[in-house]
Amino acid sequence: MKLGAVFPFTDVNDDPYAIRDFVQAVDEMGYDHIVVYDHVLGSNPASRPGFSMPFTHLSPFYDPLVLFGHMSAISRRLEFLSAVLILPQRQAALVAKQAAIADVLAGGRIRLGVGSGWNEAEYEALGADFANRGAVMDEQIDLMRALWKANAISFKGRFHTVTDSGICPLPPRKGMPIWIGGTTAPAMRRAARTGDGWLPYAPAREAAPLMERFRTIMAEAGRELDGFGVEAIMFAHGDDRPDFGNPARTLDDAFADAEVWRREGVTHLSVHSMATNAGDVPSHVAFLEQFIRGLAR
């Protein structure tokens, strides 16, 4: 099981040197990859009664593909994962181009995690269709894979048309792993049908039934979990931060959660430290070091 660290975007304080320090520390500690969350816009909860999501218009999200270009220049070993890039609110050809360039700069170290998202306000602002986002994403994945294989393609779909054109340079692997995020039935079926991996976003207490459902869905799609990637995000919360629907917990609880995911057969596990009591990069680094050292014992 490979270990990742979630980029603590809430606590880097617009400091590029703090980002550098985080990336290099995570690399030196022995983590395998860094996970970066995505939102183009955040919504103001003051104008949305009942809004309960943890991130708002004041949450400082960094564009994953831009950030990967920076991170890859200051690390030689780490892989990078977007979890998840909200694909249907973007132009597919542009994402294919940006991801290919980022992967060139990273030397083929990027996994592209994608999902359909939940914030309709983002779709509105970006001129995209929220209602058709699932169907759009299915076609986008097909188009991006085609664009990554050859410098000129022709593609005619329901939402996209490319006529004897393409991107250059191509990604080093003439493709890129696409991991599908989400625990809804459509997202899980999409991951089983077309993904190179799956990104469940759920607490460890839901791991067993969730993985059992996914095994069934994979079997229905004619696929097996052997050789298929599954990455869980593990929420390592401090005692006074029962956020994201999880109960208050200790570091020992985090170790126990990691063991749950390991037993369920996930291939990758990333530690989400933003809801701990850490409030700056040195604190996040100290927590992540405590976790990886304790897990190895």
Report summary line: For segment 46-115, the Cα convex hull volume per residue in Å³ comes to 106
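Let me know the charge dipole size of segment 2-296 about its Cα centre in debye, to the nearest 20, where only the beta-carbon of Lys, Arg (+1) and Asp, Glu (-1) is charged. It would help to have the intermediate numbers written out before the result.
Details: 28 positive and 36 negative charges, 221 e Å.
Using Cβ point charges on Lys, Arg, Asp and Glu, segment 2-296 gives about 1060 debye.
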Report summary line: Between the modelled labels at S154 and R297 (7 Å from Cα along Cα→Cβ) the distance in nm is 6.5
**Report entry** Computed lengthening from V40 to E212, 0.36 nm per intervening residue step minus Cα-Cα distance
**Finding:** 58.6 nm
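Counting other C-beta atoms within 10 Å, and keeping those with at most 16, which DSSP coil trypsin sites (Lys or Arg not before Pro) do you find in segment 33-92?
Values: sites: R76, R77, R90; in loops: R76, R77, R90.
For trypsin sites (Lys or Arg not before Pro) across segment 33-92 that sit outside H, G, I, E and B with at most 16 neighbouring Cβ atoms in 10 Å, the list reads R76, R77.
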Report task. Counting other Cβ atoms within 10 Å, keep those with at most 10, restrict to DSSP loop, and tell me which trypsin sites (Lys or Arg not before Pro) in segment 149-223 are left. Result -> R158
Report summary line: To the nearest 10 degrees, the tilt of helix 16-29 (Cα long axis) against the first principal axis of the alpha carbons of the chain is 70
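Over segment 2-296, what is the percentage of antiparallel beta bridges among all DSSP beta bridges, to the nearest 5?
Working: 3 of 31 bridges.
Of those bridges, close to 10 percent are antiparallel.
Loop only by DSSP, 14 or fewer other Cβ within 10 Å of the Cβ. Give me the chymotrypsin sites (Phe, Trp or Tyr not before Pro) in segment 1-60 that pass, ordered by residue number.
Numbers: sites: F9, Y17, F22, Y31, Y37, F51, F55; in loops: Y31, Y37, F51, F55.
Answer in residue order: F51.
What is the sum of charges around D103, taking Lys and Arg as +1, Asp and Glu as -1, for the other residues whose C-beta is under 12 Å from the C-beta of D103?
That sum, taken over residues with Cβ under 12 Å, equals +4.
Can you figure out the FRET efficiency of R205 with S283, using R₀ = 22 Å and their beta-carbon distance, to the nearest 0.05? Don't skip to the answer; put the middle values down first.
Working: r = 26 Å, r/R0 = 1.20.
That pair, R205 with S283, gives E of 0.25.
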Query raised in the report: Which of these, A232, A73, A187, has the largest mean-square fluctuation under a Gaussian network model of the chain (Cα springs below 10 Å)?
Result: A73
**Report entry** Among the listed pairs K2/K97; K97/K156; K97/K174, those beyond 21 Å (Cα-Cα)
**Finding:** K2/K97
Report task. Any chance you could list the semi-axes, whole Å, largest first, of the equivalent ellipsoid that the Cα gyration tensor gives for the chain, using √(5λ)? Result -> 29, 22, 21
Query raised in the report: Taking R0 as 22 Å, what's the FRET efficiency between A256 and M29 from their Cβ-Cβ distance, rounded to 0.05?
Result: 0.55
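Values in this text are rule-based calculations from the coordinates and carry no lab data. Predicted, not measured: the structure shown is a model, and the values here were computed from it. Quick reminder, even Gly has a Cβ in these numbers, built from the backbone with ideal geometry, and neighbours come from all protein chains shown.
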